[in-house]
Structure formats: structure tokens, C-alpha cells
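The values are calculated or read from the model by the stated rules, or taken from the named source; none is laboratory data. Treat the numbers as computed from the prediction; the structure is a model and nothing was measured. Neighbour counts run over all protein chains shown; Cβ positions are idealised from the backbone, glycine included.
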Amino acid sequence: MAVLGGGAAGFFGAIACAEANPHAQVLLLEKTGKLLSKVRVSGGGRCNVTHACDTAAQLVAHYPRGNKQLKAAFQQFGVRETIAWFAKRGVQLKTEADGRMFPTTDSSETIAQALEQAARQAGVRILTNCGVEEVEPLHGGSFQLKLSGSGAAQFGASLRVGQLLIATGGNPKSVNYDWLRALGHTIAEPVPSLFTFNVPNSPLNELMGVSVPQARVVLAGEKLQYEGPLLVTHWGVSGPAVLKLSAWGARRLSELGYVGTALINWIPTFTEETLRPWLQQFRQENGKKTVAANPQFSLPQRLWRNLIEQAGIAPDIRWSDLPAKSQNRLLELLLRTPLAVRGKTTYKEEFVTCGGILLEEVDLKTMESRRVPGLYFAGEVLDIDGITGGFNFQAAWTTGFLAGRAMSKPGHQQG
């Protein structure tokens, strides 16, 4: 049996299959010369392995695509099982304040090496530079693979295998899914997810590096909004609030051509109804203080001064002398600073694709295709993607494990 793809889901599937059935011959094929490349670069080289969620219900809430459909899968293999899996192989995980989980070594190499070692110990045969151009289902449940690349030389142009697990990851180009369409599967059209907003004419462009721990980002005219840390960059805005909004709104933002107005609420605990009386009382108690020199709401001084400037408030004006019109403008900017979004930028290595194999065409208990017996899917090739924070890796571990275990069963095994 063969696994296509040397990433997180492919490795986990190959290991699960080989460990569950030591007699199975498991072959892992990777078309490039690198194994686990996304694992190695993720989380700034630390590898955000998973997220501290106690239940499957908590976990599914972080998947724009997959959501409730994954609940049963996460109940079989979720965060607890992931932690135990790595612990059994000598890798301890730690939980950070925001729930993200990393190896205690803070090195992604720890995770990559654990996976490679587990694969070797389980007897998985790994071939790099070995791509698959075409998959032809044969009678009796086996598959003929048309191979390419220098790693395929020992097999010639083709290879016949029994069970087949496809874990080739997501791809932003629809044409790159044609070989899966040829198998009879439907593809949810791929569009980018987890990206930042380009704001070429941003009023904040002098604030590069300024961040706030909690802001709300709303897409004007849409139902899309998200709260979280926000970072001002030299190209626009980034941070979890923007990344998560882009994930939930991936399809809609694609339809809009990544053009729109993002409204930033810098103080999401306030509404207009609560902010106005707060400002009135503050003015009465602090009338002699200058507005610009006294940042409020724990906002960074540079950001506060920028908002004051945008509101047209002179740097030396005192609260007691602040005209009502200027106060209203400041209130508006605190709650709804408008940013003209004109495009997107990939956030470091966090690029994720929304789209892939329709989940309705896959048995999510085993990850086996409902269209082609003996064919399995795992990871981002499926129409599953999570927000940033370890959720995409958790989906890879879960789907890979379930697929590998199902493939290993004698009743399923073709050879």
C-alpha cells in the first residue's frame, strides 16, 4: 500500500498503517526532495503541534471548513491522543497562554525527527523525488500509479499498489486537482485562507510594528468580523484577528477580489452607547490634561497620537477645550477606523488553502473515499482548514491516523 505526500498527514497515515499492521508493506512517496517541509518551518520554526481543547466540540469551532463534520473524527483521535502519541515517542508538549501547544524544545526539528524515526521503526519505506502523475483504479481494488522523478527509477514508469492514501496537501491552483477529478471526485474550488490585508494608503503606515492585544476587525457591508491581537505592518494589518477573519471569510473575500473596507475597533469592550458617557465623565475629571499626551484604554502611545491626529485634534489641546465635533471624530476612529483593503499577503509560512475533496464524498470515520474503494484521503487535500493556532496540524494528525488505521485492517488490505 502507498501513501502520497511526505507531509504531516502523509507521515502520520503511513506510521499508523505500519504500526497497526506490521505485515503490511507501506510505501511513502514524496514528489520533492524534502520531507515534512511545512512542519519544519511552521510556528516560526517551533511547530505549533496542536491547540489545548478539552473536547471535540471545542475543537471543531475553529474550522471554517470541516467544522461539525469532523466531530466524530476528533472524538476518535483528538488533542489528548495527539499529546499522548508524541509523549510515547519522547516528545513533550507545552501549552502557551493563548492555548497553542509546542514541543518543550521550541524546535520544529524535534517533531520532524520524531515522525521520521517513528516511520523508520514501523518499517515505512520512504522515497523522495517520486511524484505520481496519474492514478488508475484497477479491478480488485488495487491501483496503478504513473510515476515521475528520479526517485521512481527503481519502479520504472508505473507501480501497482493496493490501498492508497492521498495526503498531497492543499494547492491554490484548481488545475492541480484534475488528477483527483479524474478519479470521480468533486473538488471545492481552492482559494487562499489565512492571509493578511494590504492597505496601500493606510493612515497607520507610520506605525509599523505597533500591536494591540485585542481589537475587532469588521468587513464593512458583510457579516464577517473577528476579535483578537492585531499588528500594524508596513503593508497593512496582520495578526490573529486579521488571519482568522480571512479564514472564515476566505470564499467571500475571494469573490470580492480582496477589495473592501476593514473597520478596526481598537477597544472592543466598548460600544458607542458605553464609550460616549465614559468620555464625558473622563473630560470632567481630567479637563486640564492634554488629549494627545495622555493615551487611554491602554492603547500604545504611537497609535493614540495617530488617532488624535486623524481626528484633527491639535497636539496641545486639553480635554476641557476639546470641541464636540473633534470628540465625535475620535469616538468614531476608536470604534471604526476605516482601512481600504486592496489585496492580500501570505502570512509567513501560514498559507493554507480553502477547498479540496468534498467531505460528503469521504467516510469521515475511516477517511475512505465513498467513490473509489481502497482510496483514502488525509490532510489539506480535503476541504478542511482551520484558523491559525495549531488546528491545521491537528486535522492532519487526526485524518492521517484514521486513514492509516483503516487501511491497515486485513479486511481492507489489498497488498
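Does region 149-169 hold any residues that are outside any loop (DSSP other than H, G, I, E, B) and within 30 Å of Ser193 (Cα to Cα), and which are they?
First, the residues of region 149-169 that are outside any loop (DSSP other than H, G, I, E, B): 150-152, 158-161, 164-166.
Result: Leu164, Leu165, Ile166.
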**Report entry** Count of region 136-146 residues which are without any contact (Cβ under 8 Å) to a residue 60 or more places away in the chain and within 20 Å of Val175 (Cα to Cα)
**Finding:** 2
Query - Top-ranked residue of region 180-210 - restricted to ones that are in a helix (DSSP H, G or I) and hydrophobic (A, V, I, L, M, F, W, C), ranked as nearest to Ser254 (Cα to Cα) - result: Leu180
Query raised in the report: Residues of region 24-70 being among the aliphatic types (A, V, I, L, M), modelled with pLDDT of 95 or more and in a helix (DSSP H, G or I), which ones?
Result: Val39, Ala56, Ala57, Leu59, Val60, Leu70
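This table checks each residue for (1) more than 30 Å from His185 (Cβ to Cβ); (2) touching a Pro at 6+ places or on another chain (Cβ under 9 Å); (3) in a strand (DSSP E or B); (4) in the same structural domain as Phe401 (by TED's automatic domain parsing).
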site: Phe74; (1), (2), (3), (4): no, no, no, yes
site: Gly90; (1), (2), (3), (4): yes, no, no, yes
site: Phe102; (1), (2), (3), (4): yes, no, yes, yes
site: Glu133; (1), (2), (3), (4): no, no, yes, yes
site: Asn171; (1), (2), (3), (4): no, yes, no, yes
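Please enumerate the residues belonging to region 200-225 that are among the aliphatic types (A, V, I, L, M) and within 22 Å of the chain's Cα centre (by Cα).
The initial filter retains those residues of region 200-225 that are among the aliphatic types (A, V, I, L, M), namely 204, 207-208, 210, 212, 215, 217-220, 224.
Listed by number, the residues that qualify are Val212, Ala215, Val217, Val218, Leu219, Leu224.
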Query raised in the report: Quick one: would you say Leu339 is in a strand (DSSP E or B), in the same structural domain as Leu207 (by TED's automatic domain parsing) and surrounded by 17 or more Cβ atoms within 10 Å (Cβ to Cβ)?
Result: yes
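Of these, Gly184, Gly249, which one is outside the structural domain of His139 (by TED's automatic domain parsing), at pLDDT 95 or above and not basic (Lys, Arg)?
Details: Gly184 fails: outside the structural domain of His139 (by TED's automatic domain parsing).
It is Gly249.
Out of all the residues in region 91-98, is one or more of a type outside the set (Lys, Arg) and over 28 Å from Ser193 (Cα atoms)?
Narrowing region 91-98 to residues of a type outside the set (Lys, Arg): 91-93, 95-98.
If we keep only those that are over 28 Å from Ser193 (Cα atoms) as well, we get 91-92.
There is at least one residue in region 91-98 that is of a type outside the set (Lys, Arg) and over 28 Å from Ser193 (Cα atoms).
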Requested in this report: Report yes if Leu330 is modelled with pLDDT of 95 or more, part of a helix (DSSP H, G or I) and either in the same structural domain as Ala9 (by TED's automatic domain parsing) or under 26 Å from His234 (Cβ atoms) (or both), otherwise no.
Outcome: yes
